[in-house]
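Asker: Just passing along the structure, written as structure tokens.
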Amino acid sequence: MKNISELQLKNDRPGIFTIYKKHWPLLLMLLPGFAALVLFNYVPMFGILIAFKDYKFMKGIIGSEWVGMEHFITLFSQQNFGHVITNTLWISIMKLIFGFPMPIILALLLNELRGQKFKNAVQTCTYLPHFFSWVVLAGIFKMVFANAGPVNELLKILGMDSADFFGNGGLFRGLVVGTAVWQGAGWGAIVYLAALSGVDETLYEAATIDGAGRLRQVFCISIPSIIPTIITVFILNLGNVLNAGYDQIYNMYNPTVYEVADIIDTYVLRALSAMDYGVGTAAELFKSIIGFILVMAANKLTNKMSDNELGIM
């Protein structure tokens, strides 16, 4: 009897073409985004072949000769490539450690604000830096943190020694991580604010009746409610663990900090500038493969630990 009911329920479900026909205006709205995704994310994948070919501009990708894994052997045999990977990992992991929790904290703080106008103003000010190019931001930071800039002048007023933020490797790394966190915290908080907006208000009302304060409600209601979102964002961020932020570092670094700021992306840029397209493509492909492996491994581990309740697939 149960099987008959399940079969009848299955037959009563509308077919996929019926659903598509019913919601065709929404699907039509998706077409521009889908076309952009295919054009800019999937079509360029054809260029991966350059990593396995002796690419000649006149012959093109198809006409160039195959060289197998020769470019990868050249890449890993270079002494400075290991140092480049170390720099990339250090900067990326520091950005993940300090940058990942900041949007969560900011979203929780914004969620506690009751004045809607003030809340909107604060949210606008925090996510506005995301829309500024690193070309602009780097110029501003170079003036603010210059040897004769306002930050060093403030340090002198406080009786402290001035700091060479763009000449000292350790300070430069800290500046890179700090500015990246500042630039992305507000934008990242939007996802968590959207998740918090879906939390049932009756849970907060019941907690208030039971005597729970605002801090208690945050730890017992708000954070547990957005755990799936936090895990999803974290898994996706692992895919960028070898992406230390090319545009930021390229616009901020200088020859005095090359030793601590040279990352895979700047290495690829030098390879392409030297017309060594095969090695540059191999380095970029290596970065993508590592990111893919980390995402899949983290997702599988999450599914295993949560009995397939969390994760992205």
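The values are calculated or read from the model by the stated rules, or taken from the named source; none is laboratory data. Just so we're clear, the structure is a prediction, and the values are computed from it rather than from any experiment. Please note: Cβ atoms are built from the backbone with ideal geometry, for glycine as well, and neighbour counts cover all protein chains shown.
Asker: Does the range 148-163 hold any residues that are closer than 23 Å to residue 248 by Cβ and touching a helix residue (DSSP H, G or I) at 6+ places or on another chain (Cβ under 7 Å), and which are they?
Answerer: Residues satisfying the conditions are 149, 150, 151, 163.
Asker: Kindly indicate which of 231, 221 is within 25 Å of residue 294 (Cα to Cα) and in a helix (DSSP H, G or I).
Answerer: That would be 231, the only listed residue that is within 25 Å of residue 294 (Cα to Cα) and in a helix (DSSP H, G or I).
Asker: For the range 99-138, enumerate the residues that are part of a helix (DSSP H, G or I), in contact with a helix residue (DSSP H, G or I) (Cβ under 8 Å, 6 or more places away or on another chain) and loosely packed, with under 15 Cβ neighbours inside 10 Å.
Answerer: Step one: filter the range 99-138 for residues part of a helix (DSSP H, G or I), giving 99, 101-112, 116-131, 134-138.
With in contact with a helix residue (DSSP H, G or I) (Cβ under 8 Å, 6 or more places away or on another chain) added as a condition, the list becomes 99, 102-104, 106-108, 110-112, 119, 122-123, 125-130, 134-135, 137-138.
Residues satisfying the conditions are 112, 125, 128, 130, 135.
Asker: For residue 269, state whether it is among the aliphatic types (A, V, I, L, M), at pLDDT 85 or above and over 20 Å from residue 93 (Cα atoms). Outline the logic, then answer.
Answerer: Numbers: among the aliphatic types (A, V, I, L, M): yes; at pLDDT 85 or above: yes; over 20 Å from residue 93 (Cα atoms): yes.
So residue 269 passes the test.
Asker: So in the range 260-286, with the set limited to residues that are small (Gly, Ala, Ser) and in contact (Cβ under 8 Å) with a residue 40 or more places away in the chain, which one is surrounded by the most Cβ atoms within 10 Å (Cβ to Cβ)? Working first, answer last.
Answerer: Let us first name the residues in the range 260-286 that are small (Gly, Ala, Ser), namely 261, 271, 273-274, 278, 280, 282-283.
Within this subset, residues satisfying the condition of being in contact (Cβ under 8 Å) with a residue 40 or more places away in the chain are 261, 278, 282-283.
Working: 261: 21, 278: 22, 282: 25, 283: 27.
The extreme case among them is 283.
Asker: Turning to a different aspect of this structure: Which residue out of 199, 191 is touching a Ser or Thr at 6+ places or on another chain (Cβ under 9 Å), in a loop (DSSP other than H, G, I, E, B) and within 25 Å of residue 226 (Cα to Cα)? Steps first, answer last, please.
Answerer: On the way: 191 fails: in a loop (DSSP other than H, G, I, E, B).
199 is the lone residue from the list that is touching a Ser or Thr at 6+ places or on another chain (Cβ under 9 Å), in a loop (DSSP other than H, G, I, E, B) and within 25 Å of residue 226 (Cα to Cα).
Asker: Of the numbered conditions (1) assigned to a helix (DSSP H, G or I); (2) at pLDDT below 90, residue 93 satisfies every one except a single condition; which is it?
Answerer: Only one criterion is unmet by residue 93, namely (2).
Asker: Another question about this same structure. In the range 166-177, which residues are assigned to a helix (DSSP H, G or I) and touching a residue at least 12 places away in the same chain (Cβ under 8 Å)? So that I can check it myself, show each step before the final result.
Answerer: The first filter runs over the range 166-177 and keeps only residues assigned to a helix (DSSP H, G or I), leaving 169-177.
Once the filter is applied, which keeps residues that are assigned to a helix (DSSP H, G or I) and touching a residue at least 12 places away in the same chain (Cβ under 8 Å), the range 166-177 yields 169, 170, 172, 173, 175, 176, 177.
Asker: Quick one: residue 47 ticks every box in (1) small (Gly, Ala, Ser); (2) under 29 Å from the mean Cα position of the chain (by Cα); (3) exposed (fewer than 10 other Cβ atoms within 10 Å of the Cβ) except a single one, so which number is it?
Answerer: (3)
Asker: Can you pull out every residue in the range 242-259 that is surrounded by 19 or more Cβ atoms within 10 Å (Cβ to Cβ) and either under 22 Å from residue 73 (Cα atoms) or β-branched (Val, Ile, Thr) (or both)? Spell out how you get there, then give the answer.
Answerer: Quick first cut of the range 242-259, residues surrounded by 19 or more Cβ atoms within 10 Å (Cβ to Cβ) only: 242, 244-245, 248-249, 252-253, 257.
242, 249, 257, listed by residue number.
Asker: Can you spot a residue in the range 67-76 that is modelled with pLDDT under 90 and among the acidic types (Asp, Glu)?
Answerer: no
Asker: When the residues of the range 213-241 are filtered to those that are under 15 Å from residue 107 (Cβ atoms) and of a type in the set (S, T, N, Q), which remaining residue is surrounded by the most Cβ atoms within 10 Å (Cβ to Cβ)?
Answerer: 222
Asker: Can you name the residue in the range 141-185 that is touching an Asp or Glu at 6+ places or on another chain (Cβ under 8 Å) and not polar (S, T, N, Q) and, of all such residues, is farthest from residue 246 (Cα to Cα)? Write out each step before concluding.
Answerer: Residues of the range 141-185 touching an Asp or Glu at 6+ places or on another chain (Cβ under 8 Å): 147, 155, 169, 171.
After this cut, where a residue has to be not polar (S, T, N, Q) as well, the list is 155, 169, 171.
Details: 155: 30, 169: 17, 171: 18 Å.
Ranking the qualifying residues of the range 141-185, first place goes to 155.
Asker: Sticking with this one: Can you name every residue in the range 78-102 that is under 16 Å from residue 287 (Cα atoms) and among the aromatic types (Phe, Trp, Tyr)?
Answerer: Passing the criteria: 81, 90.
Asker: Out of all the residues in the range 234-267, which are among the aliphatic types (A, V, I, L, M) and in a helix (DSSP H, G or I)? Quick ask: steps written out before the conclusion?
Answerer: Initial filter on the range 234-267 (among the aliphatic types (A, V, I, L, M)): 235-236, 238, 241-242, 244, 249, 252, 257, 260-261, 263-264.
The answer is 235, 236, 238, 249, 252, 257, 260, 261, 264.
Asker: Additional query: So, residue 162, is that one in a loop (DSSP other than H, G, I, E, B) and surrounded by 12 or more Cβ atoms within 10 Å (Cβ to Cβ) or not?
Answerer: On the way: in a loop (DSSP other than H, G, I, E, B): yes; surrounded by 12 or more Cβ atoms within 10 Å (Cβ to Cβ): yes.
So residue 162 passes the test.
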